[in-house]
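Here's the structure, in structure tokens; my notes come after.
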Amino acid sequence: MSYLSAPLPWLTAAANLLTRQKQISKKKIGLFVLPRTLSFTKEGKRFIAILFVIGIAAINTGNNLLYLIVAMMLSIIVISGILSESTLRGVEVCRILPRHIFAGTPVIVKWNISNKKRIFPSFSLVIDEALPNKLTAESGYILKLPARTTLAQIRPYIFHKRGLYKLEGFKTKTSFPFGFFLKGRRLDMPEDALVYPNIRPTKQIAAVKFSKSGELPEKIKGYGTHLYSLRDYTLMDDARVIHWKSTAKTTKLMAKEFEQEGNKKVKIIFYNTLTESTSLPANKEETISGLKDEFEEKVEEAASLANYFITSGFEVGFKSLTTELPCRSGKEQLYRILRELALIEPAAGSKNMPLTVVVSK
Amino acid sequence: MLTAADCFDTIPFMETFLTDTPTKISSLQKNLEKIIKGKPQIIKQAITALIARGHLLIEDIPGVGKTTLAHGLARSINCTFQRIQFTSDLLPSDIIGVTIYNQERHGFEFKPGPIFANIILADEINRTTPKTQSSLLEAMNDRQVSVDKITHPLPEPFMVIATQNSLEYVGTYPLPESQLDRFMMRIRIGYPEAAAEKEILLSSSTELQPQRLNPVLSTEEVIYLQTLVDKIKVDDDLVEYILTIADATRKSSMLRLGASPRGAMMLYRAAQAFALVEGRAYCVPDDIKRLSISVLSHRVVAMQGMEEETDVEGIIQEIVDGIEVPL
Amino acid sequence: MRFSAYFILISYLMAGTGLVAVSLTNIISPVFLIATGILISLSFFLSILGKPINIQRLVWNSLAIIILAAGLIDYLLISLSLIDASVRFLTILMVAKLFDLKTNRDYATLYLLTFFQLLAASASTVNLSFLFALALYILTGIWALTIFNLKRDWEEKSVAHNEIAKNILDPYFFIVTAGLAALSLIITLSLFFVIPRMGVGFFPKQTADTIKISGFSEKIDIGDLGPIKLDPSIVMRVELSGYKTPATSRLYFRGISFDTYNGAQWQQTIKELVALHKNSKGIWNLKSEIQNSNSEIIIQTILLEPIETNVIFAASTGIGVSGNFQNIAADKMGSFYLPAPFYSRIEYTAYSLLPAHPKPILPEQSYYKEVPLQYLHIPSGLDRVSVLVKGITSGKKTPLDKAISIEEYLKKNYRYTLSPGIPDRSIRKQEGKNPVEDFIFYTKAGYCEQYATTMAIMLRTIGIPSRIVTGFLPGEWNKFGNYFIIRNRDAHSWVEAYMPGAGWTTFDPTPSADTVGAMPAATTAIGLYIDTLKWKWNRYIVNYSFQDQMNLAKTVEGKGRSMLSKLRGSFNTKTVASKWKDMLLLITAVVIAAIILITIRSLVLRAKGKTRWPNTPLFYKDMLVLLAKKGKTKKTGETALEFADSVAIEGVKAATDIYYNIRFGGHKPTDEEKAQISAYLISIRKTLP
């Protein structure tokens, strides 16, 4: 519909009536966005300047050969327009996001770039994600995309913050064929991306600290691999637990005891309250941004803890003021918790509980 | 001018090769097809690993016949077979063996563990602790075990078929990349085709039991086949092809860690063995291309968010598809 | 070919095009041109071998300053012409730049320099070859700029910093580029005709090569026209509007006339020029002549080369001239003059009256007093001549009859020759007192000047006012462009005599005059065709004007209206035979084009197959070529077996197996296998559509 949108108000109105649904979903594109963008490159500006100078010279001298050169330069512009249009037309991009995206860390996104044209290849295409400020995505470049082919490209993206990203589509650009003009086109490809909070190793150190300070279950005897202690062998014991070296030393049968490994359970409790921290900065905006930063920090802490415990084989549960997940183990559980944390917002909570992350048994 | 064919003593080799080798291998394959229905390619790859002196990692969901394959392979060869069920309380000494004090002789004596067999089925290898895993893997690599400074060689042929359940996380210890590198191939059996599944369903309970199989090859014959693998001709352009593939995995932006030099070496050997399985005395590009996923996908580490096995295999496939095949 | 080599090649092609463009100007001497060419080739071969001489940046910069200084000296002291100096400067600078091609910027500078060379050429030449230079420039320019831009984009934006992929360099890329260049040329020409023109320019146009000619100055020596009668250089081209054939009555393109003969040379003594007035239609009218306009008017579009005179020509009796001039003057003898000699090709339209056949009228007494006395002046010592004339004209009453009888006498009794032997007068036994007597009584052979002079003098001896006129005969008719090509050798002189009741009437006593026009029939059809192109180039490009633009607009408007009916009628009016002829032509063209395309394609495919993988058996490559023709191309990432499975054509798989065995198994094909292979290939070929 965007082809119709620019010039005539009544036509736009009619088009809006016909395609109301679409217009609503695309409201950001707006009414007066042309289907193509065009800008001059440095060389293009020089080209136009030379064209003007020669044009004036042609008028002044009446030299028809100069007119011929002016016509040639104009034809170069026409050819450039035709070729750049042909290169942009029929190009479609779709992206395949990875299953799990973490904020602040590079993720790999696959682009399937296809040329739907029947005969003509596309050249020198630059492809960008159309949401440049919220995420860092390297632009892709294709030298040649033959007709009726699809090319896969792998692009690292960095989503700066956690949360739900509504990706809109792509911008394709080309300076083909002569590098005088930069023609751009928008390709719609709406998609949602859920971005988990970042998991930082430094935050995991905090988790280790938790376990050291005795808040975690202590080592108990059980079936594991780590040696817990040696004791005298009894007839109840499996023969495999005989520790032969100490047996040889002490000339009596000694048995090994092991640490318990399974059944480790923790619950991460996230008090996602938006209470002010201890000191109040004078500036209100600063306060708010400071609070936000603090909140994000705590979200990351919770995520890092969940990751640490899951990878250490714990059954992990999660609880916030708004949701609760029962204790389970495995990677799927980690992603469940991360999904919660990706979307978590400060909630009004009891005043006596400050913003904290607590690990409980 | 001499050609490659003149330089190599190919004719006698070809003769012996052409007479009995294909029949030996095909009889092995047919034997296995009796109990594993509809998976000829998987069987071929398993035989490839066997005659290439490689170890095999089978990774899949339960119930697709991992154990049957390993057991069947062992039964088809007249050799010793040991199955080790890996559990969390399995100790290294439970695999390798233990030196116990013999009070009668007043000395230590070595009691060999189950690893002293020709074919070992290491079931659910990721269920045991890293220490126990590494004791097995070291033995796989060195083809010998050292206990208390005494080296005990393992029997020939020696092959470890490990299985791993990829779905479960609870109480598992995934093998680290450095350990995975020691397996020549990682394969996935996958669901059977509808026709094969029907056949499985309708067959009697004993029909598909590995115990039913009779040995078709002796250990000597397997060793002979293993020596034949070295003689399979690999064109220089194909060596180049292998190196290009390995290099491409290192340069790929989708992979955090590319294939090790051992990976390229394994691909070379596996391709030779595969050619032999296919009844050829020379490698063709297809051998390399077809095996590249099984040989390489467990040796590389994908970028974050794409670590699942299917993703990685897709990446390897894509890389290989993008490399020019020698013509 | 590696990309870098390809890129170097195309960049040097562009440099070569720039050199071709400046070579058209005749400003730079052949020695300079050859030296430049050698330097360019040297630089090219060094670059393509990967051992370019790269001048240090500092050295290059100082070199550029020296070149600039040399250019300035050239301009200020030597050539004094901005264009000449800048052409040389640009060329030297370009050659220097070729030895300093390191960065993309250097290449961009090179392209810019070649563009300026083209620009310089446009300012200093009007040759048709400029069109070819322009076409060549468009082709190489589009090609080079596209490749250059791809290269630059690739280097800037691609992640892998290796050399650009070769797959863009397929021949299709060039074919498409050539197609685009053709399209661009078409657009260029169409734009050229529609860009609005603004009347006259402020600066004079560029020069063309001046043609040496005599006979159009104030006086003319007998024998002046002789040497040029062998000179084939073209003086003018004349299109007669409304005439598609040369079948008009004899035309004489009149230059100037001479009134006084002093025994050795003709002179103009009636010299005063009258500036003509331009009428509302933009025509400078010769008023005196327009009055008796009961005869047919013929309009000529004349393209005149510079001939170092300010005389312009018109057929027969010129009555008006229009063109892109400041003003036009005329003398009393009916010749047109520009204010000054022109040094460039000019185009103008002349309006003439075709001579009406004069009637023999008995003159009233002293009718000749209507004309100045100079027309009756005769040098002394021509008594013998006047006796002869009286004999010839005895019995004829009217001046017209008398004149005709003299004309016929001269035609009949004298021989046309281009070497009348005037220098040999001393060794001849008898000689006349003056050239006229000499011609009449002794040599009895000569060319137009002698004939015309003799007739004019003869007329004067019997009291008929006469003068001689120099100008041109129509020359050769170009049937491709429907115009006359008039060369130097078509220069002619003839007689005008003042007839009672008819005024100045043309007489031509030269016997060969009929054949003079037909003489240079040696021009081949191709020559005529090329001349047509040149003429069209000059007519419609170089001299394209605001007026032409208006005419074009009118034509397009009119044509558009009648287009539909014409289209509808075309099939009915054409005879069956001509339709067949057209069809045959079309089919032949298509077949030839197809053959050329297929040859190129197969050559390219073959070449492509041979370069890489030298160990691959040829039969397999041939099979791939065959299958590619079927539209089944093997992808580079595909193995031969996978490909064979995907094409699913009988024989391919079996042939692939044999290929594998030979290629990777070191197997030598047996005769049986060879036979099998050829059978497979034949069966595959058979399945081709």
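The values are calculated or read from the model by the stated rules, or taken from the named source; none is laboratory data. Note that this is a predicted model, so its numbers are computed, not measured. Using ideal geometry, Cβ is built from the backbone for each residue, glycine included, and neighbour counts are taken over all protein chains shown. SASA here: full protein model, heavy atoms, side chains in, ligands and nucleic acids out. Shrake-Rupley method; radii C 1.70, N 1.55, O 1.52, S 1.80 Å.
Provide the buried accessible surface between chains B and C in square angstrom, both chains summed, 1.4 Å probe, rounded to the nearest 100. About 1800 Å² of accessible surface is lost on pairing. Between B:Ala195 and C:Leu618, the simple spin-label model (points 7 angstrom out along Cα→Cβ) gives 4.4 nm. 3J(HN,Hα) along segment B:268-273: 4, 5, 5, 5, 4, 5 Hz, from the Karplus curve 6.51 cos²θ - 1.76 cosθ + 1.60 with θ = phi - 60°, whole Hz, x for Gly and Pro. Within the accessible area of chain B, the carbon and sulfur atoms contribute 54%, probe 1.4 Å, all protein chains present.
Under a Cβ-Cβ cut-off of 12 Å, what is the net charge of the residues other than C:Thr269 that fall near it, where Lys and Arg count +1 and Asp and Glu count -1? Net of charged neighbours comes to 0. Probe 1.4 Å, all protein chains in place: accessible area of B:Leu202 in Å², nearest 10? Solvent-accessible area, nearest 10 Å²: 130 Å². Accessible surface comparison of C:Met550, A:Met236, probe 1.4 Å, protein chains only, largest first: the order is A:Met236, C:Met550. When both bridge partners sit in chain B, DSSP labels roughly 40% of those beta bridges antiparallel. Counting Lys and Arg as +1 and Asp and Glu as -1, what is the net charge of the other residues whose Cβ lies under 10 Å from the Cβ of C:Lys444? Around C:Lys444, the charge tally is 0.
For chain B, the Kirkwood hydrodynamic radius from C-alpha pairs, put into Stokes-Einstein at 4 °C and a viscosity of 1.567 mPa s, yields a diffusion coefficient of 62 µm² per second. Ordering A:Thr322, C:Thr506 by accessible surface, largest first, gives A:Thr322, C:Thr506; the 1.4 Å probe counts only protein heavy atoms, with every chain in place. The C:Asp383 and C:Ala340 beta-carbon pair, evaluated with R₀ = 51 Å, returns a calculated FRET efficiency of approximately 0.70. Spatially, segment C:443-507 and segment C:318-395 are offset by 10 Å when compared through their Cα centroids. Only protein atoms count toward the accessible area here, which uses a 1.4 Å probe; on segment A:303-343, the carbon and sulfur part of that area reaches 46 percent.
Ratio of Rg to Rh for segment C:104-153: 1.05 [Cα atoms; Kirkwood radius as inverse mean 1/r over pairs].
With both labels modelled 7 Å from their Cα along Cα-to-Cβ, the C:Lys332 to A:Arg339 distance reads 11.4 nm. Would you work out which of B:Leu255, B:Val147, B:Gly279 lies farthest towards the positive end of the dipole of chain B? Charges go on Cβ: Lys and Arg +1, Asp and Glu -1. Positive-most Cα among the choices belongs to B:Val147. Label separation (B:Ile223 vs A:Val358): 6.9 nm, computed from points 7 Å beyond Cα along the C-beta direction.
Look at the Cα gyration tensor of segment C:613-687: its axes a ≥ b ≥ c give a/c of at least 1.5 with a/b at or below b/c, and that counts as oblate. Solvent-accessible surface of segment B:41-161, taken per residue with a 1.4 Å probe and all protein chains present: 38 Å².
The solvent-accessible area of B:Lys66, taken with every protein chain present and a 1.4 Å probe, is close to 20 Å².
Just to confirm a number: summing +1 for Lys and Arg and -1 for Asp and Glu over residues other than C:Leu362 whose beta-carbon lies under 14 angstrom from that of C:Leu362, what do you get? Its environment carries a net charge of +2. How much accessible area is lost when chains B and A come together, counting both sides, with a 1.4 Å probe, in Å² rounded to the nearest 100? Result for this pair: about 2100 Å² buried. Association of chains C and A removes close to 3800 square angstrom of accessible area from solvent, both sides included, for a probe radius of 1.4 Å. Dipole size of segment B:176-275 about its Cα centre, with +1 on Lys/Arg Cβ and -1 on Asp/Glu Cβ: approximately 400 debye, rounded to the nearest 20.
Per-residue surface analysis assigns B:His152 an accessible area of about 40 Å², computed on protein heavy atoms at 1.4 Å probe radius.
Among B:Thr310, B:Ala270, B:Val320, pick out the residue whose Cα is farthest towards the positive end of the charge dipole of segment B:232-327, where Lys and Arg carry +1 and Asp and Glu carry -1 on C-beta, about the Cα centre. Checking the options against the dipole of segment B:232-327, the answer is B:Ala270.
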